[in-house]
Amino acid sequence: MAAPATAEPTTHPSGVPAPEGSVDVTVKIQRFNPEQDSEPHWESYDIPALPTDRVLNLLINIKSYIDGSLAFRRSCAHGICGSDAMQINGVNRLACKVLVKDLLAKKGKTTITVAPLKGLPLLKDLYVDMEPFFEAYRSIKPYLIAYGNEPTRERIQSPADRERFDDTTKCILCAACTTSCPVYWADGTYFGPAAIVNAHRFIFDSRDEAAEERLDILNDAEGVWRCRTTFNCTDACPRGIEVTKAIQEVKRALLFRRV
Amino acid sequence: MAESTTAIALDRPRSPRRPAARRSNFELYSWLFMRISGLALVVLVLGHLFIMNILDGGVHRINFAFVAGRWSSPFWQFWDLLMLWLAQLHGGNGLRTIIDDYARKGSTRFWLKMLLYVSMAVILVLGTLVIFTFDPNI
Ligand code: HEM
Ligand code: SF4
Ligand code: FES
């Protein structure tokens, strides 16, 4: 497919426009087409990239100029929707938040490897079936539960009480944490870090009255006690949530039966 | 979600079947036990290794008489008994966790755990028996 001949960006042999200042990189992508392939394989694309590009730009360029069948999820492109978590150079990241300049090799040609999240069923190329992840999320009751009559005024909360679960409100459900967890890889019935993070968000909310219910759920065999404090989740979270700390706070709440 | 309908039959290691919460504190206590027994084992095991392998002459001075001498004292009997039970339960519980991690099939899980529990019981009974019935005069 030929790129439209414009005056400014020169066209690279790959067909991807090469703006000024771009460097050549190899993007190695794990491809899988369920209608043709019996298992995934790697394919490499030599394309130009600006150091200020995000990995998502490279994927979009490959899709637009080289192979339109490349499949991946993305929506906001600004680290907010949580659609494009994937393994970039072996670690779980949002493709829209990783800059090419942070991946450039010190010398020689840069190779960027991109693979889908591990531990969830692969559907095509870079996207996986998120349903098991959302099932775990739903099962910790991620909504406000309050008993008794509804108050006539808003539910007031002090800044100090809000602060207790502030960190875990930032979750965008990208699944980067859960699919970086070795316990989850081995045992997919483990609730996983993201479900615990979202339980934490309500357990420590002074307006919520179902902490006990959620703690009981997480006290079970597939709950928080499966966590081995590997810290992969904290390292993976694109929102900078201290995931392992949140899990530890839930463990402590269970241990002392005090929220 | 639409995309989950069209894909060919893929291996679904994650198909979730979540049984209702059992309302048991077993996992909580076993987690707690791992930390407390771990702390005790630091003293017990390192002390044991130090006495047996480093202290005057180390391993070369160990013989029947040395063991007999130690076990004539209730203190070392208790030390070894505690170390035996804690290490066995700690190591056994650790292996139980690992079996839960890696065994995919219910039957594999069951039989590996049976093997584990039987071997734990044999070693615990045998070890305890030896510590209590040891006769220095045979
Ligand atoms: C030296 C003192 C020791 C300390 C402080 C210690 C501490 C711990 C702790 C805290 C855990 C739980 C890890 C987690 O749940 O994240 C653990 C797991 C384990 N320990 Fe120990 N331990 C000690 C000695 C031993 C000994 C002597 C054995 C063997 C008999 C042993 C075998 C295991 C096994 C098999 C596991 C499970 C590993 C896993 O969860 O993947 N430990 N240990
Ligand atoms: S805790 Fe972080 S890594 Fe995990 S799902 Fe939420 S935003 Fe993603
Ligand atoms: S596309 Fe929305 S988070 Fe990356």
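The values are calculated or read from the model by the stated rules, or taken from the named source; none is laboratory data. Quantities reported herein were computed from a predicted structural model and do not represent experimental measurements. Cβ: placed from backbone, ideal geometry, glycine included. Neighbour counts: every protein chain shown. Heads up: the accessible areas ignore ligands, DNA and RNA and are worked out on the full protein's heavy atoms, side chains in. Shrake-Rupley method; radii C 1.70, N 1.55, O 1.52, S 1.80 Å.
Could you order peptides A:230-241, A:25-36 by the average number of other Cβ atoms within 10 Å of their residues, highest first?
Values: A:230-241: 19.7, A:25-36: 16.4.
The packing order, highest mean first, is A:230-241, A:25-36.
In summary, the lysines within cross-link reach of B:Lys113, defined as a Cα separation below 20 angstrom excluding same-chain residues under 8 places away, comprise B:Lys105. Of the listed residues A:His200, B:His60, A:His12, A:His78, the order by accessible area with a 1.4 Å probe, largest first, is B:His60, A:His78, A:His12, A:His200. Sorting A:Ser38, A:Ser75, A:Ser69 by accessible area puts them as A:Ser38, A:Ser75, A:Ser69; the probe is 1.4 Å, largest comes first, and only protein heavy atoms count. Between B:Asp135 and B:Phe110, the distance separating the two model label sites (each 7 Å from Cα on the Cα→Cβ line) works out to 4.4 nm.
Can you give me the solvent accessible area of B:Tyr29 with a 1.4 Å probe, rounded to the nearest 10 Å²? About 140 Å², rounded to the nearest 10. Accessible-area loss of 10 Å² or more (1.4 Å probe, protein heavy atoms, chain alone versus all protein chains) is found in the range A:158-202 for A:Trp185, A:Ala186, A:Asp187, A:Gly188, A:Thr189, A:Phe191.
Annotation: extensible slack from A:Thr110 through A:Thr169 equals 17.6 nm (criterion: 0.36 nm per residue apart, minus Cα-Cα distance). About its Cα centre, the dipole of the protein assembly as shown is roughly 640 debye, where the only charges are +1 on Lys and Arg Cβ and -1 on Asp and Glu Cβ.
Rolling a 1.4 Å probe over the protein heavy atoms gives chain A an accessible area of 47 Å² per residue.
Each listed q (0.12, 0.13, 0.14, 0.17 Å⁻¹) maps to a log10 I(q)/I(0) for chain A, found by the Debye formula over equal Cα scatterers with no solvent: -0.77, -0.86, -0.94, -1.21.
Of the residues A:Ala85, A:Ala105, A:Ala18, the one that moves most in a GNM of chain A with alpha-carbon contacts below 10 Å is A:Ala105. Computed in the context of the full set of protein chains, the accessible area of the range A:100-149 at 1.4 Å probe radius has 52% of its extent on carbon or sulfur. Dividing the helix sum by the residues of chain A, where each DSSP H run of 4 or more adds -39500 (n - 2.57), gives a mean residue ellipticity at 222 nm of -6500 deg cm²/dmol.
For the range A:203-251, what % of the accessible area comes from carbon and sulfur atoms, probe 1.4 Å? Walk me through the numbers before you get to the answer.
Details: 780 of 1710 Å².
Exposed carbon and sulfur together represent 46 percent of the surface.
Model label points for B:Leu126 and A:Phe231, set 7 angstrom from Cα along the Cα-to-Cβ axis, are 4.0 nm apart.
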